[in-house]
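A quick write-up on the structure given underneath.
The values are calculated or read from the model by the stated rules, or taken from the named source; none is laboratory data. A quick note: this is a predicted structure, and the numbers were derived from the prediction, not measured. Cβ placement follows ideal geometry from the backbone for every residue including glycine, while neighbour counts extend to all protein chains displayed. Calculation scope for accessible area: heavy atoms of the full protein, side chains included, ligands and nucleic acids excluded. Shrake-Rupley method; radii C 1.70, N 1.55, O 1.52, S 1.80 Å.
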Amino acid sequence: MMNKNDDKNITLLEEKIRNARAKGVGVEKGQKNPHISSAQESEQEAENRNLGYRAGTELLVSVIAGTVIGYWLDGELGTKPVMFLLFFVLGIGTGFWNIYKITNNLGTSVGITPLHKVEKQAKEGQKKK
């Protein structure tokens, strides 16, 4: 005989299963997830593409900025290859550090964008109920 708590537990379990399936749990790599819509899939692809563009840009700009600063300092200080090489290596290190932070989502949330994502998720959660 089932009571209200059992119904509530079953409902919670079903919701957890839906959420896990929406995240791709149980779907092998290379297979299309049947539990997400094509709009969600294309949105995820766009986010991944933008993340890749951002990572590439971070690396490129860091290396170029380090190289230019090192070249300029060499001209000012008369230490021809030293500052150029030092800042080139620092630029590469900074670029990879930024990529690491982006891919692990460490301290990259600036401004109001994270708030919009939270609001959007909250609205989607209210629509489901």
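Numbers for the structure displayed
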{"quantity": "Enumeration of residues in the stretch 13-27 that are open to solvent by 90 Å² or more (accessible area, probe 1.4 Å) and over 16 Å from residue 37 (Cα atoms)", "calculated": "13, 14, 16"}
{"quantity": "Residue check, residue 73 touching a Ser or Thr at 6+ places or on another chain (Cβ under 8 Å) and modelled with pLDDT of 85 or more", "calculated": "yes"}
{"quantity": "Residues of the stretch 93-106 classified as modelled with pLDDT of 95 or more and either loosely packed, with under 13 Cβ neighbours inside 10 Å or within 16 Å of residue 54 (Cα to Cα) (or both), total", "calculated": "3"}
{"quantity": "Search result, residues across the stretch 47-92 that are in contact with an Asp or Glu (Cβ under 8 Å, 6 or more places away or on another chain) and open to solvent by less than 50 Å² (accessible area, probe 1.4 Å)", "calculated": "83"}
